[in-house]
1. Residues being assigned to a loop (DSSP other than H, G, I, E, B) and either under 16 Å from the mean Cα position of the chain (by Cα) or under 24 Å from Asn35 (Cβ atoms) (or both): count how many of those fall in region 60-88.
2. For region 90-99, give me each residue that is over 19 Å from Ala48 (Cα atoms) and loosely packed, with under 15 Cβ neighbours inside 10 Å.
3. Restricting the first residue to region 54-66 and requiring it to be closer than 13 Å to Arg40 by Cα, which pairs with a second residue that is part of a strand (DSSP E or B) and among the aromatic types (Phe, Trp, Tyr) meet a Cβ separation below 9 Å and a spacing of at least six or different chains?
4. How many residues does region 35-57 contain that are among the hydrophobic types (A, V, I, L, M, F, W, C), assigned to a helix (DSSP H, G or I) and under 16 Å from Ala19 (Cα atoms)?
5. Is it the case that some residue within region 97-113 is in contact with a Pro (Cβ under 7 Å, 6 or more places away or on another chain), without any contact (Cβ under 8 Å) to a residue 40 or more places away in the chain and either farther than 14 Å from Val25 by Cα or among the hydrophobic types (A, V, I, L, M, F, W, C) (or both)?
6. Can you spot a residue in region 69-89 that is within 21 Å of Ile22 (Cα to Cα), buried (at least 16 other Cβ atoms within 10 Å of the Cβ), among the polar types (S, T, N, Q) and without any contact (Cβ under 8 Å) to a residue 24 or more places away in the chain?
Amino acid sequence: MAPRDTELIADEEGFGIKASAIAMVMEVASPGKGNQDRDRVRKRREYARAGIPLYVLIDDYDGQGAVTLFTGPRPDKADWEDIHRVPYGTEVTIPEGPAKGFVIGEAITGPKRS
């Protein structure tokens, strides 16, 4: 999620926007080991390094399915202060930012899988 007026936050190359302007990243993990490694490890580190306040990963391939909230970025460590993971079917509420209060639950992920 980024501001609507992206002209003021364009990156130096003009290909996108500055990461510092991003309030939240929410994504669904992609199939395939290489893609999952990218979503779970590389993107997680780069979003923290960029100081993006919140990363939400919806992951069909994490056990029986999980939603993980990463908050409190530590750019110096390329990691997060708080990592909150819940299995599919368990409600989790976005704690901050433009989607604060939005609930991710069975309506989005489906019930817990066994």
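1. Summing the residues that are assigned to a loop (DSSP other than H, G, I, E, B) and either under 16 Å from the mean Cα position of the chain (by Cα) or under 24 Å from Asn35 (Cβ atoms) (or both) in region 60-88 gives 9.
2. Glu91, Thr93
3. Taking only residues 6 or more apart or on different chains, the pairs are Tyr55/Phe70; Tyr55/Trp80; Val56/Phe70; Leu57/Phe70.
4. 2
5. Checked against the condition, which is being in contact with a Pro (Cβ under 7 Å, 6 or more places away or on another chain), without any contact (Cβ under 8 Å) to a residue 40 or more places away in the chain and either farther than 14 Å from Val25 by Cα or among the hydrophobic types (A, V, I, L, M, F, W, C) (or both), region 97-113 yields no hits at all.
6. Looking for residues that are within 21 Å of Ile22 (Cα to Cα), buried (at least 16 other Cβ atoms within 10 Å of the Cβ), among the polar types (S, T, N, Q) and without any contact (Cβ under 8 Å) to a residue 24 or more places away in the chain, one finds none in region 69-89, hence no.
None of the figures in this text is laboratory data; all of them are computed from the coordinates on show. Not measured: the values here are computed from a predicted model. With ideal geometry, Cβ positions are generated from the backbone for all residues, glycine too; neighbour counts draw on all protein chains shown.
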